[in-house]
Amino acid sequence: MNTRDLRFRSNRICNILQLFHEELAPLYGHGEVSTFCEMLCEAFLGWDRVRLMTSKEQTIDQSDLLRFHWALEDLKRYRPIQHIIGYTDFCGCRIHVNPDVLIPRPETAEMVEWLCRRDACVPSSILDLCTGSGCIAIALKKAFPEAEVTAVDLSSAALAVAHKNADENGVEINFLQADILSPEFSIFNSQFSILISNPPYVMERERAAMSRNVLDYDPGMALFVPDDDALRFYRAIGRIAARYLSDDGLLAVEINEQLGEETCQTLQASGLETELLRDFRGKARNIIARRKH
């Protein structure tokens, strides 16, 4: 493809951004399109927001113009911006993502940040179940560098991404491929100070209300659970916590906002005291649990 085949009016940044807004605002709204443009300029050109604001008359070469062209086409197909640029920022860490892993959400970051802010002893060991991209394990290792961090996932493809992310963030994580739903699940460490998980919790019947950029690009195995067994992962997490959580340890899980009380009851059945937390949108999104004493 050469320049005359492109739909951009010119290779000036201002014209490129104008076309992005014309084509994408009906799909996403102008605010989100502006965010897309900032992220693409940072990823493709190395420009921060200030450079973008002061360089809109600047032209770019054909190779960069092609990248913006394909990004525009991808966004029109609802491909996530994080897949287009190849990464996302999570709790100060750059996390590479692809269709093999769930794109980290702000709600998950909020849970991690809560753990990092709490006034308590520094954890000596951390277990992250259903680690996916490794974002939670990596962020907690950064926050608590002396802690031994173990991260578990069933997917070998996800673990490959997590390994890469750990290497590129300069942290050492013990990765383990295992099925936490299996009654035979076991792990070498006898006790953990923190046990954390963002497991699959979206019920199959919720598919109809979900956006295409999630349904078409996030891995289904990281999202969905059967309608008639929606809490299967929390039963497993409760069982694992009963065995591996230290006496003064803390369990933190992200949950389906529709199943807050039911999830609390499921964890309580494993001998845990639970506290339901609301996220920045006011939704019941996390549970903090401790052993009953």
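The values are calculated or read from the model by the stated rules, or taken from the named source; none is laboratory data. These numbers were taken from a predicted model, which means no experiment stands behind them. For neighbour counting, all protein chains shown are included, and Cβ atoms are generated from backbone atoms with ideal geometry for every residue, glycine included. Keep in mind that these areas ignore ligands, DNA and RNA; they rest on the heavy atoms of the full protein, side chains included. Shrake-Rupley method; radii C 1.70, N 1.55, O 1.52, S 1.80 Å.
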Quiz item: Of SER34, SER55, SER63, which has the most accessible area and how do the rest follow, probe 1.4 Å?
Solution: SER63, SER34, SER55
Quiz prompt | Whole-number accessible area per residue in Å² for the chain, which is evaluated in the context of all protein chains at 1.4 Å | solution = 47
Quiz item: Radius of gyration and Dmax for the stretch 153-293's Cα atoms, expressed in Å?
Solution: 15.8, 46
Quiz item: Between LEU215 and ALA157, 0.36 nm times their residue separation minus their Cα-Cα distance comes to what?
Solution: 19.0 nm
Practice problem: With the full set of protein chains in place, find how many percent of the accessible area of the chain is carbon and sulfur; take the probe as 1.4 Å. | Solution: 47
Quiz item: What value, in deg cm²/dmol to 500, does the helix sum -39500 (n - 2.57) over DSSP H runs of n ≥ 4 give at 222 nm once divided by the residues of the chain?
Solution: -12000 deg cm²/dmol
Quiz item: Would you list PHE20, PHE44 from the most to the least accessible area, probe 1.4 Å?
Solution: PHE44, PHE20
Quiz item: Along the stretch 192-208, what does the Karplus equation 6.51 cos²θ - 1.76 cosθ + 1.60 (θ = phi - 60°) give for ³J(HN,Hα), rounded to whole Hz, x for Gly and Pro?
Solution: 10, 6, 10, 10, 9, 7, 10, x, x, 8, 7, 6, 3, 5, 8, 3, 4
Practice problem: Can you send over the solvent-accessible area of THR266, 1.4 Å probe, protein chains only, in Å² to the nearest 10? | Solution: 30
Quiz item: What's the extension gain from ARG205 to ARG278 if we count 0.36 nm per residue and subtract their Cα-Cα distance?
Solution: 24.0 nm
Quiz prompt | 26 Å tail of the calculated P(r), the stretch 1-156, as % of Cα pairs | solution = 40
Quiz item: Give or take rounding to whole Å, what are the principal axis extents of the alpha carbon atoms in the chain, in descending order?
Solution: 69, 41, 33
Quiz item: Which value, in Å² and to the nearest 10, is the accessible area of LYS283 when all protein chains are kept and the probe is 1.4 Å?
Solution: 80
Quiz item: How many nm separate the modelled label positions at GLU257 and ALA43, each set 7 Å beyond the Cα in the direction of the Cβ?
Solution: 2.6
